[in-house]
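A short worksheet on the structure shown next.
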Amino acid sequence: MYAQRQPLREPEKAALTLGYIPLTDCAPLVVALEQGFFAQYGLDVVLSREPSWANIRDKVGIGLLDGAQMLAPMPLASSLGADALAQPMVVGLSLGLNGNAITVSQALYRRLVEQDPHAMANEPITARALRKLLAADRAEGREPPTFAMVYPYSSHNYLLRYWLAAGGVDPDRDVRLIVVPPPRMVEQLEAGRIDGYCVGEPWNSAAVASGVGRVLLASCDIWNNHPEKVFSVTQSWAEQHPATHQALIMALIEACRWLDDPINRLKAASLLAQPDYLDTPESVVLAGLTGRFRQAAGEGERYLPDFHVFHRYAANFPWLSHAEWIVTQMLRWHQIEAPADWPRRVRAVYRPDLYRAAADALGLPCPAFERKSEGAHDEPWQPDDASPTLGPDRFIDDRIYDERDPLLYLHSFSPDPGAANGDVRS
């Protein structure tokens, strides 16, 4: 049973165009449209499928889209002046947690197994075998492999780099990283232009189903319940349309709640598979949505019930600590220099107050705080009697993120990942 409440005021603007990328985790927008949640709040929404995250950035920035599904780091990069189109953005809602994986070509996988079968047999797979292979290739004068991610300011980039660095591979010197739009990943892998990638579903399962690629690990293996997509609008749009913004957040919360009911995942897969959305076989979409994830053709399923988290674990809350962790990664990989007032600027982008207003109108509980530590929990945990249950949050390297001192966390990383773990360049 889902709430049937209304926003506090009539929307200032009812006819809206919202952008999305064809990925499984665009599901909240599709479900909000197809199941009538947008209409319930007086919104007449058209969804616009976009070919790349740069398109999303540009169209929201110049007003061709009212808002969009975005990568969690995108609004921060834009607001901090790091991205090509610098503009203040607002995030009042996270669209979910987890949902990505690292997939490699069959040829690279075979070489990794030959190099270190023991490392490749352990789960989660680390970058140890890759580090050894890079050292061997360097000695033979081979070119380094090419890995793709979806956008420079993305969890895909930061988690791929995190995985590489944790295994002693320097992402900037030992491999080549490029940007490829999500729907083009499989064709680029099949053509041999890239050797692996980090992308959201269904483009990992699509590579497995076609026999082109093999999944090494899911992003939840690198950092469980990491922030992934958000719903974002420009700051000026949010200021001009506060009631519309609240109605959008409420409708999307309802859609996320609907999606987290396992009974609804089958219907969601059917909706998403349609030509208007992902245009992908329903069986491929189902893998990530149901957590029945196959990492290689002909192998058994790996059950990952939290592969996609749309609402539970306070997944829709825009945590300031998530935003601050993202900024530590921007700093770590030299995408930005730390502004003196960056905590204030982060708070202007990630807006727990907007989420709380919408959740209160729906009668839903909210966390009693805006920051939390990460990395200490293997199981779901309850921070206090008033807050929702939160999810496991382990990092692959067992590191702990202390939300009280993000810069101390940042400085705990070696400036030279290769040298810290056995330099592949020696």
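The values are calculated or read from the model by the stated rules, or taken from the named source; none is laboratory data. The structure displayed is predicted, hence computed values, not measured ones. Every residue, glycine among them, receives a Cβ derived from its backbone with ideal geometry; neighbour counts consider all protein chains shown. All accessible areas refer to the heavy atoms of the entire protein, side chains included, with ligands and DNA or RNA removed. Shrake-Rupley method; radii C 1.70, N 1.55, O 1.52, S 1.80 Å.
Out of (1) modelled with pLDDT under 95; (2) part of a loop (DSSP other than H, G, I, E, B); (3) open to solvent by less than 10 Å² (accessible area, probe 1.4 Å), the odd one out for Ala296 is which?
(1)
Answer yes or no: is there a residue in the stretch 261-283 that is without any contact (Cβ under 8 Å) to a residue 60 or more places away in the chain, out of contact with any helix residue (DSSP H, G or I) (no Cβ under 7 Å at 6 or more places or on another chain) and open to solvent by less than 20 Å² (accessible area, probe 1.4 Å).
Scanning the stretch 261-283 turns up no residue that is without any contact (Cβ under 8 Å) to a residue 60 or more places away in the chain, out of contact with any helix residue (DSSP H, G or I) (no Cβ under 7 Å at 6 or more places or on another chain) and open to solvent by less than 20 Å² (accessible area, probe 1.4 Å).
From the list Ala251, Ala209, pick out the single residue that is buried (at least 18 other Cβ atoms within 10 Å of the Cβ), within 30 Å of Arg9 (Cβ to Cβ) and modelled with pLDDT of 95 or more.
Numbers: Ala209 fails: within 30 Å of Arg9 (Cβ to Cβ).
One residue alone meets the criteria, Ala251.
So, in the stretch 83-106, of the ones that are open to solvent by 30 Å² or more (accessible area, probe 1.4 Å) and in contact (Cβ under 8 Å) with a residue 12 or more places away in the chain, which residue ends up farthest from Trp53 (Cα to Cα)? Even if it seems obvious, please write down each step before you answer.
First pass over the stretch 83-106, keeping only residues open to solvent by 30 Å² or more (accessible area, probe 1.4 Å): 84-88, 106.
In the following step, the residues that additionally are in contact (Cβ under 8 Å) with a residue 12 or more places away in the chain were identified as 84-85, 87-88, 106.
Numbers: Ala84: 12, Leu85: 12, Gln87: 15, Pro88: 17, Gln106: 28 Å.
Filtering the stretch 83-106 for residues that are open to solvent by 30 Å² or more (accessible area, probe 1.4 Å) and in contact (Cβ under 8 Å) with a residue 12 or more places away in the chain, the one farthest from Trp53 (Cα to Cα) comes out as Gln106.
Could you list, ordered by first residue, the pairs with Cβ atoms under 8 Å in which the first is in the stretch 337-358 and touching a residue at least 24 places away in the same chain (Cβ under 8 Å) and the second is polar (S, T, N, Q), at least 6 apart or interchain?
These pairs meet every condition: Arg345/Ser79; Ala348/Ser79; Ala348/Gln235; Val349/Ser79; Leu354/Gln246; Tyr355/Asn316; Ala357/Gln246; Ala358/Gln246.
Just give me the residues in the stretch 320-336 being buried (at least 19 other Cβ atoms within 10 Å of the Cβ), out of contact with any Leu (no Cβ under 7 Å at 6 or more places or on another chain) and within 16 Å of Pro152 (Cβ to Cβ), in sequence order.
Those that are buried (at least 19 other Cβ atoms within 10 Å of the Cβ), out of contact with any Leu (no Cβ under 7 Å at 6 or more places or on another chain) and within 16 Å of Pro152 (Cβ to Cβ): Gln329, Met330.
Take the stretch 226-248 and flag every residue that is in a loop (DSSP other than H, G, I, E, B) and either of a type in the set (A, V, I, L, M) or open to solvent by less than 10 Å² (accessible area, probe 1.4 Å) (or both). Steps first, please.
Of all residues in the stretch 226-248, those in a loop (DSSP other than H, G, I, E, B) come to 226, 228, 241.
The answer is His226, Glu228.
Right, Arg161: open to solvent by 20 Å² or more (accessible area, probe 1.4 Å), assigned to a loop (DSSP other than H, G, I, E, B) and not β-branched (Val, Ile, Thr) or not?
Answer is no for this residue.
Cβ-Cβ under 9 Å, sequence separation 6+ or interchain: first residue in the stretch 15-29 and under 14 Å from Ile253 (Cα atoms), partner aromatic (Phe, Trp, Tyr) and at pLDDT below 95. Which pairs?
none
State which residue is farthest from Cys220 (Cα to Cα) when the search covers only the stretch 397-413 and only residues that are open to solvent by 40 Å² or more (accessible area, probe 1.4 Å), touching a residue at least 60 places away in the same chain (Cβ under 8 Å) and part of a loop (DSSP other than H, G, I, E, B).
From the stretch 397-413, those open to solvent by 40 Å² or more (accessible area, probe 1.4 Å) are 397-400, 402-405, 407-408, 411-412; that's our starting set.
Still in the running and touching a residue at least 60 places away in the same chain (Cβ under 8 Å): 397, 403, 407.
If we keep only those that are part of a loop (DSSP other than H, G, I, E, B) too, we end up with 397, 403.
Numbers: Asp397: 13, Glu403: 20 Å.
Here the answer is Glu403.
Per-residue answers, yes or no, for (1) part of a loop (DSSP other than H, G, I, E, B); (2) more than 30 Å from Met89 (Cβ to Cβ):
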position: Arg265; (1), (2): no, yes
position: Ala287; (1), (2): no, yes
position: Ala323; (1), (2): no, no
position: Ala340; (1), (2): yes, no
position: Arg344; (1), (2): no, no
position: Asp353; (1), (2): no, no
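Out of all the residues in the stretch 364-378, which are farther than 18 Å from Asp393 by Cβ and either part of a strand (DSSP E or B) or open to solvent by less than 50 Å² (accessible area, probe 1.4 Å) (or both)?
Scanning the stretch 364-378 gives Leu364, Cys366.
Suppose we keep only residues that are of a type outside the set (Phe, Trp, Tyr), in contact with a strand residue (DSSP E or B) (Cβ under 6 Å, 6 or more places away or on another chain) and within 13 Å of Val104 (Cα to Cα) within the stretch 182-206. Which one would you say is most open to solvent (accessible area, probe 1.4 Å)?
Residues of the stretch 182-206 of a type outside the set (Phe, Trp, Tyr): 182-196, 198-202, 204-206.
Going one step further and asking which of them are in contact with a strand residue (DSSP E or B) (Cβ under 6 Å, 6 or more places away or on another chain), we end up with 182, 185, 189, 194-196, 198, 200, 204.
Filter once more, so that each one left must be within 13 Å of Val104 (Cα to Cα): 185, 189, 194-196, 198, 204.
Details: Met185: 0, Leu189: 8, Ile194: 2, Asp195: 48, Gly196: 0, Cys198: 2, Asn204: 0 Å².
Filtering the stretch 182-206 for residues that are of a type outside the set (Phe, Trp, Tyr), in contact with a strand residue (DSSP E or B) (Cβ under 6 Å, 6 or more places away or on another chain) and within 13 Å of Val104 (Cα to Cα), the one most open to solvent (accessible area, probe 1.4 Å) comes out as Asp195.
Of the residues that make up the stretch 56-70, is at least one small (Gly, Ala, Ser), surrounded by fewer than 18 Cβ atoms within 10 Å (Cβ to Cβ), in contact (Cβ under 8 Å) with a residue 60 or more places away in the chain and part of a helix (DSSP H, G or I)?
yes
How many residues are hydrophobic (A, V, I, L, M, F, W, C) and more than 15 Å from Trp53 (Cβ to Cβ) when one looks only at the stretch 170-203? Write out each step before concluding.
Going through the stretch 170-203, the residues hydrophobic (A, V, I, L, M, F, W, C) turn out to be 175, 177-180, 185-186, 189, 191, 194, 198-199, 203.
Of the ones still in play, those that are also more than 15 Å from Trp53 (Cβ to Cβ) are 175, 177, 186, 189, 191, 194.
Total satisfying the criteria: 6.
Out of Pro339, Pro305, I need the residue that is closer than 18 Å to Ala27 by Cβ and open to solvent by 10 Å² or more (accessible area, probe 1.4 Å). Which one? Even if it seems obvious, please write down each step before you answer.
On the way: Pro339 fails: closer than 18 Å to Ala27 by Cβ.
Just one listed residue meets the conditions, Pro305.
For the stretch 165-204, how many residues are within 16 Å of the chain's Cα centre (by Cα) and part of a loop (DSSP other than H, G, I, E, B)?
4
Does the stretch 162-181 hold any residues that are charged (D, E, K, R) and touching a strand residue (DSSP E or B) at 6+ places or on another chain (Cβ under 8 Å), and which are they?
Step one: list which residues in the stretch 162-181 are charged (D, E, K, R), which gives 170, 172-174, 176.
Passing the criteria: only Arg176.
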